[in-house]
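What follows is calculated from the coordinates using simple rules that are stated; it is not laboratory data. Since this is a predicted model, take the numbers as computed values, not measurements. When we count neighbours, we look across all protein chains shown, and the Cβ atoms used for this are built from the backbone with ideal geometry, even at glycine.
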Ligand SMILES: [Zn+2]
């Protein structure tokens, strides 16, 4: 049976107080069942906190993922930056392992004026090294999740993340709908574009890609070069992109996976998304 999980990118907003372990029961009480743990400014969680958060997540039926630091660039020009990228991905993978999280989300690379093919090659080399290290350390339940990027200066088109996932042995694309929308200068108009995304995933990676997809959703402001700001659900004069047609595509095709809410309203907007999804289910 199709199941879509919903939850915030990071700790719930006010009035929640507490840390990652305490968030799990709170999210369950809100009717949510996922959370992305944010390591975007570095992996600083203590091992005992991670262990406690992991068992709380399991007890409350919350499925976890982790977001690696923002400054990662798998095709950095300087060797020191490449080394840092591998180190940061490994730190996030270890934390994910301790938390019982599956997907390690990251923005794969920046072109820095180079051709896409060259950047893809360097990115793959870097990620193969990370896969090897994960295997050496016995990290088996974790997969690498290259995310679609909101800026045209980033390697991170849908096709590129599919290519990365199919060339690697432990990877799955992370679809950030707002980023694809911004990257394509307001590309998502309705159901047709959402459907196209899932069709491409299935064609490129098989049915499993749409039965355990991982995604981010937010409304967004964008300009000539793509993403500018994330915005709350229904906050823009013109919803952009609109979550409702996505809910319909998910319901009508029986896709399963996770939608992480990246709006400033985090868990509050996750609950709205869940409600819209459930209403679409009743209409179908
Ligand atoms: Zn995202």
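List of remarks:
- Whole-percent P(r), segment 4-283, all Cα pairs, 5 Å bins from 0: 1, 6, 13, 18, 20, 18, 14, 8, 3, 0, 0.
- Of interest is the spacing of the C-alpha centroids, which for segment 170-232 and segment 252-284 amounts to 15 Å.
- Sum of -39500 (n - 2.57) over DSSP H runs of 4+, divided by residues of the chain (222 nm, nearest 500): -14500 deg cm²/dmol
- Mean separation of Cα contacts under 8 Å (6+ apart) over length of the chain, as relative contact order %: 19
- Ordering 269, 48 by the number of other Cβ atoms within 10 Å of each residue's own Cβ, fewest first, gives 48, 269.
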